[in-house]
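The structure appears below as structure tokens.
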Amino acid sequence: MNNKPTIAVIGAGLGGAAAGALLQQAGYPTKVYEQAPAFARLGAGIHLGPNVMKVMRRIGIEEKLNAMGSHPDYWFSRNGMTGEYQSRIPLGEFARENYGAAYITVHRGDLHELMVSTLDQDNLHFDKRLVDVDDSGDKVVMTFADGSIEEADLVIGADGVNSRLREKLLGPEAPIYSGWVAHRAIISAEKLKAYDLDFEACVKWWSEDRHMMVYFVTGDEKEYYYVTGVPEPDWNHGTSFVDSSREEMRKAFEGYHPTVQALIDCTESVTKWPLLERNPLPLWHENRLVLLGDACHPMKPHMAQGAAMAIEDAAMLVRCLEEVGAENYQQAFELYRTNRFERASRVQQVSHDNTWLREDEDPAWVFAYDPFEVPLKQPTSQ
Ligand code: FAD
């Protein structure tokens, strides 16, 4: 292996794109393989906390994101029925001063497009679904669904909740359906002008067993977005999402505050997604293969930190390769796991419990984290 090994990243989702960009920036000959033929601007938003924005700074797109996104001054939690405030978590200037970067909300498609644009386009390969890997020699041999075969010194599985790489390491096991679904809809803010109601920049409406998280996904506040968490005992659709309807939303949020009813009235189309989880994995890497993001710790999205954990993983993985020297890749992978397992597992648990920011609490342990600066813990068993 030369000084910088060749690296294949499987999956160009948010974690894979971050890994690819940071590896290429650090001088690793990196190829990214994505199963999709292209990406579409699906109707969804995403929170990017200061912890993620610090990684975006390294990738070189922080300013573009700041210009693109909405900058809420607070995360509000409100009683879904009465509207009473349960928490007011300061973001805005407070986040910039205390956590080291902005807290923004953006359109997921816009974010993804921007992240993918930072990759070396000659080494980004669409329509490449990994079907098998052979890690028994000096190189990893990858086989793709189109019959092509590629090699790399190291392979990163950033291939999401149904990761083929995870399956290779740990055997086939379907993710756990959490018993909850998420509805997602984008609403034109223009329509909301008809209501004498306040549509806040970032607010989560809660009741005992369900919620609706609402925020703008563009800096010009033209697109407003909601994502829910609603119990549904079974998911038998066999697809990653299905269409929902205004009627279904009305039923799910019956009795909720007039602001929520207005959002449902303004909904033109809404989709419904099963929320999938896994218990913390016993293995994150083996020999020349390593996992990140949803491939190793998928979670309910109720903390809005799933992609954040994938992106932090990518940053920590590259840091550990640089720290130890990539020729000692097994040591680097173990250093990476040691420094990510506890945090990712804790975020998985809080997301599962759905307690995050429901009442006033200090979010610094999540937002102030910087994967490039946090002191590294050494593995105990090496
Ligand atoms: P993915 O984004 O799933 O990317 C995996 C990629 O790998 C995909 O592009 C896929 O096509 C590709 N792939 C899969 N298999 C193969 C293969 N065999 N060969 C090649 N390519 C392959 N997170 C946040 O941080 N903030 C939020 O506000 C937020 N909101 C959410 C709302 C909902 C309703 C849901 C469901 C999730 C939300 N998340 C949020 C979580 C977030 O979407 C995921 O945690 C994140 O996308 C994980 O990134 P990833 O790169 O690990 O996986």
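Readers should treat all values here as calculations from the given coordinates under stated rules, not as data from a laboratory. Everything numeric in this text was worked out from a predicted model, so none of it was measured. For neighbour counting, all protein chains shown are included, and Cβ atoms are generated from backbone atoms with ideal geometry for every residue, glycine included.
At a glance:
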| item | result |
| --- | --- |
| Loop trypsin sites (Lys or Arg not before Pro), the range 1-104, which have at most 12 other Cβ atoms in a 10 Å radius of their Cβ (DSSP) | Arg41 |
| In nm, spacing of pseudo-spin labels at Arg358 and Lys377 (7 Å Cα→C-beta vector) | 2.6 |
| The chain, relative contact order in percent, only Cα pairs under 8 angstrom and at least six apart counted | 22 |
| Förster-model FRET efficiency, 22 Å R0, Arg57 and Glu342, C-beta, rounded to 0.05 | 0.35 |
| MRE, 222 nm, helices only [DSSP H, n ≥ 4, -39500 (n - 2.57), over the chain, to nearest 500] | -9500 deg cm²/dmol |
| 14 Å reach of a label modelled at Ala36, 7 Å along Cα-to-Cβ, counting backbone N of the range 151-193 | 159-161 |
| Lys64 versus Gln25: modelled label distance in nm, points set 7 Å from Cα along the beta carbon direction | 1.2 |
| Förster radius 56 Å - calculated FRET efficiency between Lys193 and Glu322 (Cβ-Cβ, nearest 0.05) | 0.65 |
| Cα shape, the range 187-278, gyration tensor, a/c 1.5 rule | prolate |
| Gaussian network model of the chain, springs between alpha carbon atoms under 10 Å - residue of Leu23, Leu114, Leu263 with greatest fluctuation | Leu114 |
| Square roots of five times the Cα gyration tensor eigenvalues for the chain, Å | 36, 22, 19 |
| Stretch gain in nm, segment Gln330-Glu286, where the contour uses 0.36 nm per residue and the Cα spacing is subtracted | 15.1 nm |
| Antiparallel DSSP beta bridges within the chain, percent to nearest 5 | 75 |
| Which listed pairs, of Lys54/Lys139; Lys204/Lys300; Lys4/Lys128; Lys4/Lys377, have C-alpha distances above 26 Å, in listed order | Lys54/Lys139 |
| Segment Leu170-Arg129, extension gain: residue separation times 0.36 nm, minus the distance between their alpha carbons | 12.8 nm |
| Where GluC sites (Glu not before Pro) fall in DSSP loop in the range 288-381, at most 11 other Cβ within 10 Å | Glu359, Glu373 |
| GluC sites (Glu not before Pro) restricted to DSSP loop in the range 166-275 with at most 11 other C-beta within 10 Å | Glu173, Glu208, Glu254, Glu268 |
| Computed over the range 297-382: relative contact order in percent, which uses C-alpha pairs under 8 Å that are six or more apart | 40 |
| Model label zone, Glu268; criterion: amide N under 12 Å from point 7 Å along Cα-to-beta-carbon; scope the range 218-250 | 223-224 |
| Under the span-like rule (Cα at least 20 Å along the axis, Kyte-Doolittle mean at least 0.0), DSSP H helices of the chain | 306-324 |
| Mean Cβ neighbour count within 10 Å, used as a protection proxy, ranking 313-319, 97-103 highest first | 313-319, 97-103 |
| Nearest-0.05 FRET efficiency for Ser117 and Gln349, computed from C-beta distance (R0 41 Å) | 0.75 |
